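Structure record follows, encoded as structure tokens.
The values are calculated or read from the model by the stated rules, or taken from the named source; none is laboratory data. Keep in mind that what you see is a predicted model, and the values were worked out from it rather than measured. Here Cβ is always computed from backbone atoms with ideal geometry, including for glycine, and neighbour counts include all displayed protein chains. We work out accessible area using only protein heavy atoms, side chains counted, and drop any ligands, DNA or RNA first. Shrake-Rupley method; radii C 1.70, N 1.55, O 1.52, S 1.80 Å.
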Protein chains: 2
Amino acid sequence: MTDGERVLLGHGSGGKLYRDLVKDVFVTAFANPVLERLDDAAALAPRGRIAFTTDSHVVQPLTFPGGDIGRLSVAGTVNDLATAAARPLALAAAFIIEEGFALADLRDLCASAAATAREAAVPIVTGDTKVVERGAADGLFITTTGVGEIVVAHELGSAAVRDGDAVILSGSVGDHAVAILAARGEFKFSAAVRSDCAPLWSLVEAAVSAARGAGGEEVLHFMRDPTRGGLTTVLAELAEESGLGIEVEEDAIPISPAVRSVCDLLGYDPLTLANEGKMVLVVAAGAADAVVAAVRQTEYGRGARRIGFVTAAHPGRVALRTPFGTRRVLDMPVGELLPRIC
Amino acid sequence: MTDGERVLLGHGSGGKLYRDLVKDVFVTAFANPVLERLDDAAALAPRGRIAFTTDSHVVQPLTFPGGDIGRLSVAGTVNDLATAAARPLALAAAFIIEEGFALADLRDLCASAAATAREAAVPIVTGDTKVVERGAADGLFITTTGVGEIVVAHELGSAAVRDGDAVILSGSVGDHAVAILAARGEFKFSAAVRSDCAPLWSLVEAAVSAARGAGGEEVLHFMRDPTRGGLTTVLAELAEESGLGIEVEEDAIPISPAVRSVCDLLGYDPLTLANEGKMVLVVAAGAADAVVAAVRQTEYGRGARRIGFVTAAHPGRVALRTPFGTRRVLDMPVGELLPRIC
């Protein structure tokens, strides 16, 4: 643990120590005029429909190759807004801190959250801090909530998905989960895997724009980021909710050699592993090439490709076609593979 | 601890167990069409400016006379919206649960949150659940975030406060903190004190309406709920931020006999104790009687009264006038009096 000043129970008091912590750490890291008012609620003036989403982050360890809980807490919420085609408008960040946590670490993690928020062009406008006694929490939990402006007029979601639609994946799967496993020292060999943890609004904005050019924004039917439960869970949920089937080509799903090795050795299925910087998009077949090309132009979408299609042939089921020509059904994982992955 | 089914790590997986928990517990308790879509983000269509606020709740014990963490988590966020004169539009609730937590208790606490949300006429439209290993959290933490529609056109806040304004308090102070102390068994004698934990939108709506009738809504200058740090902290912050002084009459501040006894015995200052169902309002002097009368008509504002006034005489300082005619300065408490009060 880092040396130096530590968080005290008094930092959660609502009194002077609390105000000092808020000003020294949070207002400094997240500097913006709305937050600086320190009102109990921030005022915003959105245009049109808004999206609203929340996520608690309990990842362990707090720092890992490719990211940390600060970056993760911003990216996770930005990405949930992005699934609704919502440009992030403002974030709220609520911290639950264990007494004794190093202030220097808190500053570093807030700096990382702030940098990720700047990257996504979204201000952190309000927040909260609670401090609990030693042993009543594990270091730091961050709950991030986002408000975003929905940039499309139509309803995205499983109900909009149609027989024949293309299923697009924005890049390789499994990187985040394997990076966390590596950071936990759960295997001895060195695996140079970094978490894909990243904010995906630019990627989604490019997809929306490409959809508009390829038949109108309403050719974009569904987006979801494959986090806990991985790609398999997103596809299984979509099949269940839409009442349609999905067919994916195993060969088409990008998996890095390092992730594949770890999965082979430890017996994990990379399709069920969590990602934090990937998006699944379902679009009308005729628009798929344009959307893939546009997503590939973005920083976090370079590995985008079409991985399958929606079909009325086997309603409610996801079929994976293997390179050997066989098919297996992808079922949603039941229990927990990797606790505290995000 | 309650018998029966318990929360498992697998309930936090994102897979099938997770979906079952979300449907069985949260969707059942918070039933509404937006939440039932189970999208990563909820879509809302607010009119005009919105307020946005978040609070983590780590209160211990989870249930106490007059409330529980479920009611508290909804009331706290509704009240923060209310300070911005914002009608609650939608809430998000994020749960961090310790492995082994009784499902029956989780259901009860969600039912309480749902009842409080119904009372405040606000739907819980989105949420999240994380499960951490035994010992990595203390039972249950709930982070609630709110979006509200601001119903006034002017800017409320410390900058709007003027020399001569009236300071109004909606009822007695200290009840929440003393109820928590009693629930923790921190004193042997019986104190029949119930937490004041309640959603205050109706109270604030009545105040806004009365202000409109008494010179226009802009006579309402400032509202804040005296939670952690109590009434003293709200007044000290207001004095600091506004650059004006505040003078309050000790005799005018309602304190129940039971709260007063506990404070006398344990050495607490009731003015620094947390409340969860009270509001401080600062209004132009000419509108004070109308606002007090209107607030008194509401369920949680029956004890409302004018407790003091704003003055340019001692900028940045809060003076308490005692019944003996002496004055003492109220300073913001420095550290923590009562950890995990909310």
Legend entry - Leading residue at positive end of dipole, the range B:1-151 (Cβ point charges), from B:21, B:45, B:57: B:45
Legend entry - Dipole of chain B, positive end: most advanced residue of B:141, B:127, B:283 [Cβ charges, Cα centre]: B:283
Inset, instruction - Can you figure out the FRET efficiency of residue B:302 with residue B:28, using R₀ = 35 Å and their beta-carbon distance, to the nearest 0.05? - result: 0.55
Legend entry - Per-copy distances of the residue A:265 label point, shortest first, in nm (7 angstrom along Cα→Cβ): 6.3
Inset, instruction - Could you tell me what percent of the accessible area of chain A is made up of carbon and sulfur, with a 1.4 Å probe and every protein chain present? - result: 51 percent
Inset, instruction - Determine the shape class of the range A:158-329: with a ≥ b ≥ c the square roots of the Cα gyration tensor eigenvalues, call it rounded for a/c under 1.5, and otherwise prolate if a/b is greater than b/c, oblate otherwise. - result: oblate
Legend entry - Computed accessible area, residue A:209, all protein chains, 1.4 angstrom probe, square angstrom: 70 Å²
Legend entry - Charged-residue dipole, Cβ positions (Lys, Arg, Asp, Glu), chain B about Cα centre, Debye nearest 20: 380 debye
Inset, instruction - Would you work out if chain B is rounded, prolate or oblate? Take a ≥ b ≥ c from the square roots of the eigenvalues of the alpha-carbon gyration tensor; rounded if a/c is under 1.5, else prolate when a/b is larger than b/c, oblate otherwise. - result: oblate
Legend entry - Distant-in-sequence amide H partners of residue B:130 (H built 1.01 Å from N, under 5 Å): B:95, B:96, B:97
Legend entry - Area buried, chain A against chain B - accessible surface, total, 1.4 angstrom probe, square angstrom: 5700 Å²
Inset, instruction - Show the residues, 5+ positions off or on another chain, whose built amide H is closer than 5 Å to the amide H of residue B:6. - result: B:103
Legend entry - Sorted largest first, extent of the range B:39-150 alpha carbons per principal axis (Å): 45, 33, 19
Legend entry - Dipole of the range A:158-329, positive direction: furthest Cα of A:230, A:266, A:201, with charges on the beta-carbon: A:266
Inset, instruction - Restrict the search to the range B:4-52; then list the trypsin sites (Lys or Arg not before Pro) that DSSP places in a loop and that have at most 15 other Cβ atoms within 10 Å of their Cβ. - result: B:47
Legend entry - Sparse-neighbour loop sites [trypsin sites (Lys or Arg not before Pro); the range B:273-342; at most 16 other C-beta within 10 Å; DSSP]: B:302
Inset, instruction - Looking at the range B:39-150, send over the antiparallel percent of its DSSP beta bridges, to the nearest 5. - result: 70 percent
Legend entry - Gaussian network model of chain B, Cα within-10 Å springs - most flexible of B:177, B:287, B:258: B:258
Legend entry - Other copies of residue B:334: label-to-label distances in nm, shortest first, labels 7 Å along the beta-carbon direction: 5.8
Inset, instruction - Partner chain Cβ atoms within 10 Å, averaged over the residues of B:225-234 - can you pull that number for me? - result: 3
Legend entry - Coil-residue chymotrypsin sites (Phe, Trp or Tyr not before Pro) of the range A:1-99, DSSP, other Cβ within 10 Å capped at 10: none
Legend entry - Point-charge dipole on Cβ atoms (K/R +1, D/E -1) for the range A:158-329, about Cα centre, debye to 20: 360 debye
Legend entry - Amide H within-cut-off set for residue B:149, under 5 Å, with H built and near neighbours excluded: B:51, B:87, B:89
Legend entry - Among B:219, B:152, B:161: highest mean-square fluctuation, GNM of chain B, C-alpha pairs under 10 Å: B:152
Legend entry - Point-charge dipole on Cβ atoms (K/R +1, D/E -1) for the range A:157-247, about Cα centre, debye to 20: 460 debye
Legend entry - Overall Cα dimensions of the protein assembly as shown, principal axis frame, Å, largest first: 92, 50, 44
Legend entry - Per-residue ³J(HN,Hα) for the range A:282-297, Karplus 6.51 cos²θ - 1.76 cosθ + 1.60, θ = phi - 60°, Hz, x for Gly and Pro: 10, 9, 4, 3, x, 9, 4, 4, 5, 5, 4, 4, 5, 4, 5, 6
Inset, instruction - Anything over 26 Å Cα to Cα? Flag those among B:23/B:278; A:16/A:130; A:130/A:278; A:278/B:130; A:23/A:130, in the order listed. - result: B:23/B:278; A:130/A:278
Legend entry - J(HN,Hα) series, the range B:93-102, from Karplus relation 6.51 cos²θ - 1.76 cosθ + 1.60, nearest Hz, glycine and proline x: 10, 10, 10, 10, 10, 7, 3, x, 4, 6
Legend entry - Within chain A, helix-based [θ] at 222 nm, where runs of 4 or more DSSP H residues each add -39,500 (n - 2.57), nearest 500: -8500 deg cm²/dmol
Inset, instruction - Label the range B:28-88 by shape, choosing from rounded, prolate and oblate, from the square roots a ≥ b ≥ c of the eigenvalues of the Cα gyration tensor; if a/c is under 1.5 it is rounded, and otherwise prolate applies when a/b is larger than b/c, oblate when it is not. - result: oblate
Legend entry - Selected from A:67, A:12, A:230 as most flexible by GNM, with chain A as the system and alpha-carbon contacts under 10 Å: A:12
